[in-house]
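Engineer: This is the structure, below, for whatever I ask next.
The values are calculated or read from the model by the stated rules, or taken from the named source; none is laboratory data. Predicted model only: the values in this text are computed from it and were never measured. We place every Cβ from the backbone using ideal geometry, glycine too, and count neighbours over all the protein chains shown. Keep in mind that these areas ignore ligands, DNA and RNA; they rest on the heavy atoms of the full protein, side chains included. Shrake-Rupley method; radii C 1.70, N 1.55, O 1.52, S 1.80 Å.
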Amino acid sequence: MKKATYHIEKDFKISEVDRRLYSSFIEHLGRAVYTGIYEKDHETADEQGFRRDVIELVKELNIALVRYPGGNFVSGYNWTDGIGPVENRPRRLDLAWRSIETNEIGIDEFVDWAKKANTQVMLAVNLGTGTPQEAGYLVEYCNHPSGTYWSDMRIKNGHKEPHGIKVWCLGNEMDGPWQICHLEAHEYGRKALETAKIMKWVDPTIELVACGSSSSNMPTFPEWDRIVLEHLYDHVDYISLHRYYQNYGDDVDFLASFVDMDMFIKTICATADYVKALKRSKKTMMLSFDEWNIWYQTNVKLKEWEIAPEILEDRYSLLDALAFSGLACILLNNADRVKIACLAQLVNVIAPILTQKGGGVIRQTIYYPFRDVSTYGRGIALKPVIKAPIIETKSYGEVPTICSAVTYDEESGFITVFALNIDSEPVEVNFDVRSFGKVELKEHIVLNGDDLDAINTFEDPYRVCPRKERVKEGMYDTFSIVLPKLSWNVIRMKVKC
Ligand code: AHR
């Protein structure tokens, strides 16, 4: 059997894991909102029309923030369309996704939904058709206590307490020619700077995310990021990264997507650190990886001017879940710089949760690795020191067959190892945890299967789901565990007190 060694060293700390690494995203797109989180005639709908069955599955994911309302949608969105009496709200053409937006749900309802789902809102402002002043008014509407036009309007609309939205995105993917009112880097830098000033004058406690490159494939990457940061360095708290992966036919390359994500993060850190040096700044720029997932972008087919069209509803296979799990490990391994990461998206649209209009709800395959990291990836991220077999890939050359992350939660005393094995053979891993003394093996959760194309369906919702492997009883400072071929593993152990 193939072998690997794995040292877990207590003092090899990367960083405390920011809870917001487990965030997600809901856009007014397809059926994410309408017939996703909201369906007023559904049998599980609450008094506001939110689907309780969906809320339950969202809660299980322990999501810190949900980015809203876009995405490409936000660059044409007038937020005032979504406030006040629903019957007065306009129906609009959404030019980003060529749909009809009814505006039944707006910021006030979404904040209510987020509370019910035990999460918080990360709000994006429109820097496409929108102005700096409109962004400032939105901050006033959401966060100012009372006594001004917009804060009193919020109160009149039924929300006496401010929404208290802490994290704000300065637009979305403004580097992309597909974006409504796309800008060149220096144009965006100027507009975002003036917007940032106004927003922070309204509420100095908010944190701002500047638009970074919408993909490492963009021809403007990483110059876009450098120019934008040269304008905004002192005024923002994060630069964003977006990246989606898909299988172009070579499974091994696809499974090794984590290599690309790691390079992307490292390049943005280097770019931000260059600007830091240029500005003689003491501040280190943090990263918001506010869109990441597997997405079959080449399959996208839009429908013309429908309300809540069934679009971008990717069905995820076991193979997709495995590739996805490697990406989750990379976020943890960069926890010193990546403070926010949003799984894009959450319901129906490229999502871990899938609903049927008037019907049920299921967990897609990618639901499980996300739930694993968001539940157990707490405390301190430690640097995994692994010697694993090597595999040759077309896109990335030689790649280790094990992609892993490890966290130590001092409070509970649990060490959790997350490990993706992309080898087509099992690998026996010899763990060395001597820096912790002895540990008790608690559980080994495995996601794998014979059919890499298997998906979960409404007829067979648990076709792909994790199972528990037996673990050896007793206390150990070194021990071996076999990672099955092509598998995602969560190994949990408790440090002896
Ligand atoms: O998540 C789907 C889309 O992907 C978002 O609207 C956009 O920001 C990105 O291109």
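Engineer: Could you give P(r) for the range 274-313, binned at 10 Å from zero, as whole percent values over all Cα-Cα pairs?
Structural biologist: In order of increasing distance, the bins hold 21, 24, 20, 16, 19, 1 percent.
Engineer: Which one of Tyr274, Gly249, Thr195 has its Cα pushed farthest toward the positive end of the charge dipole of the chain, where Lys and Arg give +1 and Asp and Glu give -1 at the Cβ?
Structural biologist: Tyr274
Engineer: What is the percent carbon and sulfur in the accessible area of the chain, measuring with a 1.4 Å probe over the protein chains and ignoring ligands?
Structural biologist: 50
Engineer: To continue, here is another question. Looking at the range 189-300, I'd like the Rg to Rh ratio, where Rg is from alpha-carbon atoms and Rh is Kirkwood's inverse mean 1/r. Mind dumping the intermediate values first?
Structural biologist: Numbers: Rg = 15.8 Å, Rh = 15.2 Å.
A ratio of 1.04.
Engineer: Hey, another quick one. Decide, for the range 92-201, between rounded, prolate and oblate: order the square roots of the alpha carbon gyration tensor eigenvalues as a ≥ b ≥ c, take rounded if a/c falls under 1.5, and otherwise choose prolate if a/b is larger than b/c, else oblate. Don't skip to the answer; put the middle values down first.
Structural biologist: Numbers: a/c = 1.98, a/b = 1.37, b/c = 1.45.
It comes out oblate by the Cα gyration axes.
Engineer: List the equivalent ellipsoid semi-axes of the range 328-425 in whole Å, largest first, each obtained as the square root of 5λ for an eigenvalue λ of the Cα gyration tensor.
Structural biologist: Values: eigenvalues 148, 84, 32 Å².
Semi-axes from the Cα gyration tensor: 27, 21, 13 Å.
Engineer: What's the magnitude of the charge dipole for the chain around its Cα centre, counting Lys and Arg as +1 and Asp and Glu as -1 at the beta-carbon? Answer in Debye, nearest 20. Please report the intermediate quantities before stating the final value.
Structural biologist: Numbers: 58 positive and 72 negative charges, 263 e Å.
Dipole of the chain, to the nearest 20 debye: 1260 debye.
Engineer: Loop-only check: which chymotrypsin sites (Phe, Trp or Tyr not before Pro) in the range 198-282 are DSSP coil with at most 16 other Cβ within 10 angstrom?
Structural biologist: Details: sites: Trp201, Trp224, Tyr233, Tyr238, Tyr244, Tyr245, Tyr248, Phe254, Phe258, Phe264, Tyr274; in loops: Tyr233, Tyr248.
Counting only loop positions with at most 16 other Cβ atoms within 10 Å, the chymotrypsin sites (Phe, Trp or Tyr not before Pro) in the range 198-282 are Tyr248.
Engineer: Evaluate the Debye formula for the range 373-497 with equal point scatterers sitting on the alpha carbons, no solvent, and hand back log10 of I(q)/I(0) at q = 0.13 Å⁻¹, in q order, two decimals.
Structural biologist: -0.58
Engineer: Quick one, can you get me the convex hull of the C-alpha atoms of the range 387-432 expressed as volume per residue in Å³?
Structural biologist: On the way: hull volume 4.2 nm³, N = 46.
Convex hull of Cα atoms, per residue: 90 Å³.
Engineer: Cα gyration tensor of the range 60-99, axes a ≥ b ≥ c as square roots of the eigenvalues: rounded (a/c below 1.5), prolate (a/b > b/c) or oblate? Show your work: numbers first, answer last.
Structural biologist: On the way: a/c = 2.62, a/b = 1.46, b/c = 1.80.
Here the range 60-99 falls in the oblate category.
Engineer: Mean residue ellipticity at 222 nm from the helices of the chain, using -39,500 (n - 2.57) per DSSP H segment of n ≥ 4 over the full residue count, to the nearest 500 deg cm²/dmol?
Structural biologist: Details: 10 runs with 120 residues, N = 497.
Rounded to the nearest 500, it is -7500 deg cm²/dmol.
Engineer: Here is a further query. How high is the relative contact order of the chain? Use alpha-carbon pairs under 8 Å, at least six apart in sequence, and give a whole percent. Don't skip to the answer; put the middle values down first.
Structural biologist: Numbers: 1182 pairs, mean separation 99.3, N = 497.
Value for the chain: 20 percent.
Engineer: Semi-axes of the range 316-368's equivalent ellipsoid from the Cα gyration tensor, sqrt of 5 times each eigenvalue, largest first, rounded to whole Å?
Structural biologist: Sorted largest first and rounded, they come to 25, 13, 6 Å.
Engineer: Go through 393-405, 440-452 and give me the packing order, highest mean Cβ count within 10 Å leading.
Structural biologist: Numbers: 393-405: 18.8, 440-452: 16.8.
Answer by packing, highest mean first, reads 393-405, 440-452.
Engineer: If you project the alpha carbons of the chain onto their three principal axes, what span does each projection cover, largest first, in Å?
Structural biologist: Principal axes ranked by extent give 67, 58, 46 Å for the Cα atoms.
Engineer: Could you pull out every one of the lysines with an alpha carbon less than 28 Å from that of Lys160, ignoring same-chain neighbours closer than 8 positions?
Structural biologist: Lys40, Lys59, Lys115, Lys116, Lys197, Lys200
Engineer: Which of the lysines could a cross-linker bridge to Lys438, judged by Cα under 18 Å and excluding same-chain residues fewer than eight apart?
Structural biologist: Lys10, Lys472, Lys494, Lys496
Engineer: Treat each spin label as a single point 7 Å out from the Cα along the C-beta direction, and report the Glu411 to Thr129 distance in nm.
Structural biologist: So the label points at Glu411 and Thr129 sit 4.5 nm apart.
Engineer: Rolling a 1.4 Å sphere over the protein heavy atoms, what is the accessible area per residue of the chain, to the nearest Å²?
Structural biologist: Working: 19590 Å² over 497 residues.
Dividing the accessible area of the chain by its residue count gives 39 Å².
Engineer: Mean Kyte-Doolittle hydropathy of -0.5 or higher plus an axial Cα length of 30 Å or more: which whole DSSP H helices in the chain meet both?
Structural biologist: Those that pass (Cα extent of 30 Å or more, hydropathy at least -0.5) are 257-278.
Engineer: Moving to a separate point now. Please report the antiparallel percentage of DSSP beta bridges with both residues in the chain, rounded to the nearest 5. Can you show the working numbers first?
Structural biologist: Numbers: 57 of 97 bridges.
In the chain, DSSP labels about 60 percent of beta bridges as antiparallel.
Engineer: Show me the trypsin sites (Lys or Arg not before Pro) within the range 158-198 that DSSP assigns to loop and that have at most 12 other Cβ atoms within 10 Å of their Cβ.
Structural biologist: Filter output for the range 158-198: Lys160.
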